[in-house]
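Below is one structure, written out as structure tokens, with a few remarks after it.
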Amino acid sequence: MANKLGFYFNATACTGCKACQVACKDKSDLPVGVNWRRVAEYTGGEWVTNPDGTVEQNVFAYYTSIACNHCTNPICVEVCPTQAMHQREDGIVMVDESICIGCRYCEWACPYGAPQFNEEVGVMTKCNFCYDYLDEGQSPACVAACPSRALFFGDIDELRAEHGELAEIAPLPPADITEPNLVIEPHHNAKPIGSPSGKLINPEEV
């Protein structure tokens, strides 16, 4: 059995430059409105009055780069009526566009919004882990483009052994829904999922 691939994201190193997002879009020639990798901007905080009457702020902000997580339990595959959405032995979730009917069930089911409808061709599309680059011994476009080396990939078991098993921070969904093959090094200001202390400030992008 092939080793399962996954992504490692270091939120402490991410500057929100979105080079990963641009590289992905450029490599796959994606149309306007279709973004396989997205960078969420999460921020919050308030002014706090101390017991001595002084006032200070606890404002925070951090970024989360997210794409398809090629999950252990891919709901998109489960709900696809034509089996166009399928998973390879190495864990990469693919779309067979020749049998996709564009019903968008996968898009609605995925908590990460990974499958995206391409109106130009009438089918679903998504991150394919740059499998063609992998076959040539290269890194996925998003990983290669990151100037701060906040994004990496590899055998998910090895990534977890080195970096831990955290796969959920706000504003992401709970990891137990699909068991994403993702490891996150949280930002020092990272909030737990469901935290009311912050909000996504670029929802139109993600």
* Asked: Quick one: Lys191 ticks every box in (1) within 16 Å of the chain's Cα centre (by Cα); (2) touching a residue at least 24 places away in the same chain (Cβ under 8 Å); (3) assigned to a loop (DSSP other than H, G, I, E, B) bar one, so which box is it?
  -> (1)
* To do: Provide a single number: the residues in the range 115-127 that are assigned to a loop (DSSP other than H, G, I, E, B) and either touching a residue at least 40 places away in the same chain (Cβ under 8 Å) or of a type in the set (Asp, Glu) (or both).
  => 5
* Of (1) among the aliphatic types (A, V, I, L, M); (2) under 14 Å from Phe7 (Cβ atoms); (3) in contact with a strand residue (DSSP E or B) (Cβ under 8 Å, 6 or more places away or on another chain), Val95 satisfies all except one. Which? -> (2)
* Asked: With (1) free of Cβ contacts under 8 Å to residues at least 60 places away in the same chain; (2) assigned to a strand (DSSP E or B); (3) out of contact with any Pro (no Cβ under 9 Å at 6 or more places or on another chain) as the list, and Phe152 as the residue in question, which single condition is left unmet?
  -> (1)
* Asked: surrounded by 15 or more Cβ atoms within 10 Å (Cβ to Cβ) and farther than 21 Å from Ser65 by Cβ, is that true of Val183?
  -> no
* **Yes/no for Ala109 being among the aliphatic types (A, V, I, L, M), over 19 Å from Asp26 (Cα atoms) and more than 17 Å from the chain's Cα centre (by Cα)** => no
* Asked: So which of Ala161, Ala170, Ala175 is aliphatic (A, V, I, L, M) and touching a Lys or Arg at 6+ places or on another chain (Cβ under 6 Å)?
  -> Ala170
* From Ala40, Ala67, Ala109, Ala61, residue being of a type in the set (Gly, Ala, Ser), more than 22 Å from Gly198 (Cβ to Cβ) and in contact (Cβ under 8 Å) with a residue 24 or more places away in the chain -> Ala109
* Asked: In the set Thr82, Thr43, Thr12, which member is under 25 Å from Glu158 (Cβ atoms), at pLDDT 95 or above and of a type in the set (Ser, Thr, Tyr)?
  -> Thr12
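The values are calculated or read from the model by the stated rules, or taken from the named source; none is laboratory data. These numbers come from a predicted model, not from an experiment. FYI the Cβ positions are ideal-geometry reconstructions off the backbone, even for glycines, and counts take in every protein chain you see.
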